[in-house]
Each structure stands twice: as structure tokens, then as C-alpha cells.
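The structure appears below as C-alpha cells.
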Amino acid sequence: MFEASLEQTDSLKEGDIVSGTVIKVNRDTVIVDIGYKSEGVIPANEFIDTSGKVNVHPGDRVDVLIEAKENDQGLVALSKEKADKLKVWDEISDACERDELIAGTITARVKGGLQVSIRGGVKAFLPGSQVDLRPVRNLDKLIGQTFDFKVIKFNKKRGNIVLSRRVLLEKERNELKAQTLQKLEEGMIVRGTIKNITEYGAFVDLGGIDGLLHITDMSWGRVNHPSEVFKIGDEVTVKVLRYNAETERVSLGLKQTMDDPWEHATESYPIGKRIRGKIVSITDYGAFVEMEQGIEGLIHVSEMSWGKPKHPSKVVEVGQVVDCQILEVDPEAKRISLGLKQLQADPWNQFASKYNPGDIIRGKVRSLTDYGVFVGIEDGVDGMVHKSDLSWTQRINNPADLYKKGDEVEAIILSINHAEKKVSLGIKQLYEDPWVHLPDNYPTGTILEVRVKSCAEFGVFVEIERGVEGLVHISELPMDIASDPPAHLKEGQIVKAEIISMDPNERRIALSLRRVSEREEDVEAMKFMERAREESGRPKAVGPSGSSGATLGDVLKGKIEGLTKES
């Protein structure tokens, strides 16, 4: 018996795993009979359970690892903990060879991925790229969760184990995808889960394959962004609109699972009906009103108020609930025209009963254009003064030179167009036309003082009286001035000019500075001749009428005679 024990003892090797029986439990050690000449000893802390107590009793069978043969006390050093770990590694190795899955619990986040505790507490590494089919932004939320994994790398010597969950999910997805594709057809109604949301739509997981639900197919109504309708994880029932088996692309529709509200628009929204809706969008040309989900109508800017159209944002705002009237319905084009002003009293009716042509009104300038001035008569009714009706005497090229927005003006109603709801006003008609008397006041040949207004290439404009202008053509300027009018004539300067023509129809007056200058020269010449006669003792020249003094012809004749005698 002893010899057998010796043979068995000699066959023991450090690192072997043997089975033994617990024969004694001490405070710090546990004595185990491994069937050899010497008993083995194991630290008691290797038997501590989760409650912190030593959980082992005499008679229990345990597998242990031989760490060293007999020590100084003649005992064999054993380890249950190391034996357990080696057994686990062997189990894991066998599982890898059999291509089996291993269950594990994610215990911590580490660099590049997660730490997983598998059989016997062995730690394994789960790379971030192998966690799921798509990148997981928040890995911490997975800590504490238990999953099945596939071992993709195993090195017992280095104690290195790499796991993958993605491989399992891909396998499941491919199997599910094959089943889904086998029964998928255009037109069928299917259920799915919102997997991802983009600006243009949402991707729906139909079971191993994703379909695109475009934003335009989410609702019969307006959808500004898919996130307004869905969130990731939502369950949806959709219709397969298109399916390409070759590319495996699937287009889905949600609104197609519901009735199109436009099919009953004519019956639901008869012309003239008053409806209430919410402003959902504003453009330069109007505002869109949501009447029900899937149906919107447009209030054109011209239908917002009876007055001059303003920008829609000045009348309504997004989110505002308004009452309006149905003006037109076109189900085929999916358009409904709405009116806001139709629910308000038409100010034109009040105006028409109150005013007539010839009435004088007073109002403020509402706006200015190149062709006239718009004046507010009543709230919602404007009249226009054409630029030709601003002044009898001035040519107005730009009304803004005379008026600005907000100016209070007085005008007379010239005409009222009830069909087009237009009012023509006049300002100059409040005063008498000065051209009625100008020809009598300024006959041809009249010499008068005028004020220089401006110089042009073709002549000089002068003011005859307030608001009445005339033109001195460059040919009617003295030679010294004609060479450079701006150098000799300044704005506001008073000069003498002669009326040479007047056209009341064209409202034009032509004047001459040259003729006045020539007359003055003739007068000076006459004075010179008179002085010369007096100095020579000759009698004064007598005119044809018998009066003393010389005519212009006499002076000229005298000039010629004097020049002849001198020669």
C-alpha cells in the first residue's frame, strides 16, 4: 500500500489538477486528502462565498491544482481557485472549438470597448465596433446587461479573449431578412420600427431589411421635419410603395394607409363657407392655413385686407388661428383659395356713399411711386394723385421731391371708378391755372427780371414768377455767357430777360437775355450820340413823331453816317 502511494506520489507534477476530499476545515486553511502519501493544504479564503463566509465542509469533494509538492510541514500546496480558472479556460476553449456561444455580463467600460465577465469570472474584451450593428454612442448604458457572445479571438497562454455581439446580430438579421424578402410585395401593409431619422425621411426596420419612409409620404399635411412625427423606436404601420428585389431597396408610405382628405374637399369646403384654421407658413405672396391634417389653403396677400396690400407678415403670424372664407376649390391641383377680407366690411361701400367727384378731401401720404402720390381717404381706401396733377406750372419727374410719407395733403376728387375701386385725385385743381392769364400778363416783347433756376447744356431755366418757369435757349444768351453759362449765371441770380414766345398749350415760355443785352447796348450808343451832338452844337435829333429824341433806327443811321464821315 505504501509502495503504491510512493509510486503515485512520484507521478504527481506541479500544475496537475486532481480531485480530493475535504477532511478538515481550520480557521485559515482547509486540509484536503488527494489520495497520496501527503495531504494537501488550501488557504481558507479560496472558499469564501458572496456573503464573506467560508463555504466548505468535511467530506466535500473538490478539484484542486497542485502548486508544489511537500512543504516543510510535509503537506502538498494546493489551490482550488486556480483549478477553477483552468477548468473555465478549458471549457471556453472547448466552446470555441465547438463554435458555441458564451454568456457574459458587461461589467465596465474600458479603452476601445467594454469588459465582459464570462464563465468563472474570467474577463474578456468586447470592442466597441462589435457591440451592435450600428455604432453605440453611449456604451455606459450597457453596463450590467447580460448577452450571448461569440468568441472571435482566444489565447489561453496570454489569457486574452475577444468577444463579438455584432456577429450574432448580423446572423439573426440575415435570417430575418431572408424571411422578410420572401414575402415582401408592393402594395402590402407591414409593421416596422423607426430605426433612424434624417432630414429627408425615416428608415424603418421591417425585419432584417430597412425601408425608407420619405418625408413627403409621412402625412397628407405639412411636415417640416420627420422628428416632428416620429422618434427612434416608434412602431409604425406602413405601405410598401416600391420594392426592387435586385437592389433590395424599399420605399414606404404612411399617408397611403389613410384616406386622402382631398377626395372629399369639394363637399367639405363649398365656396362661400366660413372656416377656421391655423397659419402654418408665410411667404411674400400670402399665408398658408391648415384647415385639417392634409389640407391647406392659401390666403393671397390681395385677399387679406381691403386696403393696399401689405406684406403678409404685417397681417398674420405663424401659429395664429384665423377665420376666413372659401373662395375657390381645385381638388385636382389640391389648391384652395381663401379670403380674410371677405369677413370684414368693405370700406369702399362706405366711401362710395360718402364722397363724390369734386369733393375736397384731406389725408396723409400713404406711399410714393415714380408716377404719383397715394393719399389715404378712409381706412382701406386710397386715392392717387398722378404727378401730372400735382402742379400747373412745374414738371414733376419724381413726386418724392415734393412729398414724403406721412405728409398731410389736401386734394380734390377728380373721378371715382367703382368697378375697379379706384379714386383719382388732383392737387393742382385746387388752384386756378396761372396759364389762363400768363399770355395777357406777359405779352411777347415784355422785358422783366427773372431768377436763374438751373443751367443745362442747351440753355438756362429761369423763374418768371412763383411756380412759372421759362427757358433761355443757349442761342438767346450773349456770346460771352453762352461760352460757359455756369461760370456767369448762378442759381438765384436776378437777370433781365425778354419774352420772345409763349405757348399756353405746351406750357412753354421762351426768353432771351441776348436781345435785352443788345437793346441796352443800343441805348448806350444813343446816349453817346446825343452827347456827341451836344458837344458839336448840333440840334437834337427829332423823331418821326416830332418828339425830341432819337429812335433806334435814327441811332443806327447816325452810327453809319458817323462812320462814313470818319472814313
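Results for (1) at pLDDT 80 or above; (2) of a type in the set (K, R), shown as yes or no for each residue.
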site	(1), (2)
L78	yes, no
R98	yes, yes
T105	yes, no
R109	yes, yes
Q115	yes, no
R119	no, yes
S129	yes, no
I152	yes, no
G159	no, no
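Does the stretch 266-274 contain at least one residue that is of a type outside the set (A, V, I, L, M, F, W, C), within 19 Å of L338 (Cα to Cα) and assigned to a strand (DSSP E or B)? Show your work before the answer.
Step one: filter the stretch 266-274 for residues of a type outside the set (A, V, I, L, M, F, W, C), giving 266-270, 272-274.
Cutting the leftovers down to within 19 Å of L338 (Cα to Cα) gives us 266-270, 272-274.
So of that shortlist, the ones also assigned to a strand (DSSP E or B) come out as 274.
Checking the stretch 266-274: at least one residue is of a type outside the set (A, V, I, L, M, F, W, C), within 19 Å of L338 (Cα to Cα) and assigned to a strand (DSSP E or B).
Does D433 meet the test of being of a type in the set (D, E) and over 44 Å from the mean Cα position of the chain (by Cα)? Walk me through it before giving the result.
Numbers: of a type in the set (D, E): yes; over 44 Å from the mean Cα position of the chain (by Cα): yes.
Yes: the conditions hold for D433.
Please enumerate the residues belonging to the stretch 426-440 that are closer than 15 Å to P504 by Cβ and assigned to a loop (DSSP other than H, G, I, E, B).
E432, D433, H437
Go through (1) closer than 21 Å to E185 by Cβ; (2) without any contact (Cβ under 8 Å) to a residue 60 or more places away in the chain; (3) out of contact with any helix residue (DSSP H, G or I) (no Cβ under 8 Å at 6 or more places or on another chain); (4) surrounded by 12 or more Cβ atoms within 10 Å (Cβ to Cβ) for T257 and report which single condition fails.
(2)
Specify the residue that is modelled with the highest pLDDT; the eligible residues are those in the stretch 176-203 that are in contact with a Lys or Arg (Cβ under 9 Å, 6 or more places away or on another chain) and of a type outside the set (A, V, I, L, M). Working first, answer last.
Here is the first cut: in the stretch 176-203, the ones in contact with a Lys or Arg (Cβ under 9 Å, 6 or more places away or on another chain) are 186-190, 194-197, 202-203.
From what is left, the residues that are of a type outside the set (A, V, I, L, M) are 186-187, 195-196, 203.
Working: E186: 87, G187: 88, K195: 88, N196: 90, F203: 93.
Filtering the stretch 176-203 for residues that are in contact with a Lys or Arg (Cβ under 9 Å, 6 or more places away or on another chain) and of a type outside the set (A, V, I, L, M), the one modelled with the highest pLDDT comes out as F203.
Mind telling me which of the residues A400, A352 ends up being surrounded by fewer than 17 Cβ atoms within 10 Å (Cβ to Cβ), among the hydrophobic types (A, V, I, L, M, F, W, C), modelled with pLDDT of 90 or more and not assigned by TED's automatic domain parsing to the domain that holds S302?
Values: A352 fails: modelled with pLDDT of 90 or more.
The unique qualifying residue is A400.
Scan V229, V301 and give me the residue that is surrounded by 13 or more Cβ atoms within 10 Å (Cβ to Cβ), of a type in the set (V, I, T) and closer than 27 Å to A345 by Cβ. Let's see the steps before the verdict.
Details: V229 fails: closer than 27 Å to A345 by Cβ.
Just one listed residue meets the conditions, V301.
With in a strand (DSSP E or B) and either over 30 Å from S483 (Cα atoms) or touching a Lys or Arg at 6+ places or on another chain (Cβ under 7 Å) (or both) as the only criterion, which of A419, A411, A400 stands out? Steps first, please.
Details: A419 fails: in a strand (DSSP E or B); A400 fails: in a strand (DSSP E or B).
Answer to the selection: A411.
Can you pull out every residue in the stretch 274-296 that is basic (K, R) and surrounded by 12 or more Cβ atoms within 10 Å (Cβ to Cβ)?
Just the residues of the stretch 274-296 that are basic (K, R), to begin with: 274, 276, 278.
Of everything in the stretch 274-296, just one residue is basic (K, R) and surrounded by 12 or more Cβ atoms within 10 Å (Cβ to Cβ), namely K278.
Give the residues of the stretch 495-513 that are touching a residue at least 24 places away in the same chain (Cβ under 8 Å) and under 60 Å from the mean Cα position of the chain (by Cα), sorted by residue number.
Initial filter on the stretch 495-513 (touching a residue at least 24 places away in the same chain (Cβ under 8 Å)): 495-502, 504, 507-513.
The answer is P504, R507, R508, I509, A510.
What is the residue count in the stretch 206-240 for residues that are in a loop (DSSP other than H, G, I, E, B) and of a type outside the set (K, R)?
Residues that pass the stated criteria total 16.
Name every residue in the stretch 196-255 that is among the charged types (D, E, K, R) and more than 25 Å from G294 (Cβ to Cβ), in order of residue number.
D205, D210, E246, E248, R249, listed by residue number.
Being free of Cβ contacts under 8 Å to residues at least 60 places away in the same chain and closer than 18 Å to G406 by Cα is the requirement here; does V315 meet it?
no
Conditions first: (1) of a type outside the set (F, W, Y); (2) part of a loop (DSSP other than H, G, I, E, B); (3) closer than 15 Å to A287 by Cβ. Q325 passes all but one, so which condition is the exception?
In the conditions (1) of a type outside the set (F, W, Y); (2) part of a loop (DSSP other than H, G, I, E, B); (3) closer than 15 Å to A287 by Cβ, Q325 misses (2) alone.
Which ranges mark the strands (runs of 3 or more DSSP E) fully within the stretch 50-161 that have 1 or more residues being surrounded by 17 or more Cβ atoms within 10 Å (Cβ to Cβ) and in contact with a helix residue (DSSP H, G or I) (Cβ under 6 Å, 6 or more places away or on another chain)?
Working: elements: 61-70, 76-79, 101-110, 113-117, 123-127, 146-155.
Here the list reads 61-70, 101-110, 113-117, 146-155.
If we keep just the residues of the stretch 314-335 that are aliphatic (A, V, I, L, M) and surrounded by fewer than 15 Cβ atoms within 10 Å (Cβ to Cβ), which is farthest from H264 (Cα to Cα)?
Only one residue fits best here, namely V318.
The values are calculated or read from the model by the stated rules, or taken from the named source; none is laboratory data. The shown structure was predicted, so the numbers you read here are calculated from the model rather than taken from an experiment. Neighbour counts are summed over all protein chains in view; Cβ atoms, including those assigned to glycine, are modelled from backbone coordinates with ideal geometry.
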